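Take a look at the structure set out below.
Read-outs throughout are calculated quantities, based only on the coordinates presented, and are distinct from any laboratory measurement. In this text the structure is predicted, and so the values were computed from the model without any measurement.
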Amino acid sequence: MHFTVEAQNRVRDWIAPGDIAIDATAGNGFDTLFLANAVGPNGLVYAIDLQSAAIERVHAKLDEADLSARVELCVGDHAELERFVRGEHRTRVACAMFNLGYLPFSDKSIVTRAESSLPAIRTAASMLRPCGILTVLAYVGHEGGREEADAIADWVAGQSDQFDIQHRSDSTNPNSPILWWVQRRISSLDAVQSLVRP
Ligand SMILES: C[S@@+](CC[C@H](N)C(=O)[O-])C[C@H]1O[C@@H](n2cnc3c(N)ncnc32)[C@H](O)[C@@H]1O
């Protein structure tokens with residue numbers, strides 16, 4: 001199965017109508033469209049990309065599918081996630097997707113880098129609600145890709161107290177993409193809060 005399809009399959013069961021989701025690398029909009037369908041008319045997707053040309057294409061795609069009303073399009077660096085996501089949504093994100101690397105058939109010098117993707121992943125993880133899930137798909141074949149994947153692997157290795165973490169890569173291919181899915185556990189505090197909430 002293609003890694004991008006698997007990333008969507010990993011989050012599918014954890015998003016419901018009315019949810020908040022983030023596509024941190026909107027690119028050609030495939031994940032944005034998937035998330036917009038999943039959150040329904042009362043949910044919201046933040047779709048972020050560094051390239052305004054990408055965001056314009058995503059906009060056109062969403063218009064065509066009549067899904068624009070449920071997506072907030074953001075041009076900028078995902079390292080500034082806090083700037084894009086409204087205060088009231090910062091603790092209730094159901095899903096965040098990162099498909100790293102560069103946009104296929106586009107300028108390959110505009111590529112995600114550990115200096116920004118890692119802070120963005122950390123921030124997105126801090127915004128997940130209990131059982132919220134984050135996917136990171138990293139590519140190692142391009143310049144800086146291996147360092148980025150290593151930095152993410154290091155970060156992931158330190159998160160097992162709060163998150164359930166799994167990953168997949170093709171062990172027969174040294175340049176295989178790596179997909180992580182990281183799901184926030186329900187803490188005892190979450191459990192108590194759910195009992196006292198009216
Ligand atoms: C592999 S593509 C994403 C494909 C997309 N998920 C889709 O479904 O079509 C990676 C995207 O990350 C964007 N990108 C690179 N650095 C970024 C950054 N610091 N912040 C936000 N987006 C970035 C690129 O412009 C590119 O569109």
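Quick check: residue separation of Val192 and Ala60 times 0.36 nm, minus the Cα distance between them. What number comes out in nm? List each step's numbers first, then the result.
On the way: separation 132, 0.36 × 132 = 47.52 nm, distance 4.41 nm.
Net length gain for the segment: 43.1 nm.
Only helices enter this figure: runs of n ≥ 4 DSSP H residues, each worth -39500 (n - 2.57), summed and divided by the residues of the chain, yield -11000 deg cm²/dmol at 222 nm to the nearest 500. When you restrict to C-alpha pairs under 8 Å that are six or more residues apart and normalise by the size of the chain, the relative contact order lands at 19 percent.
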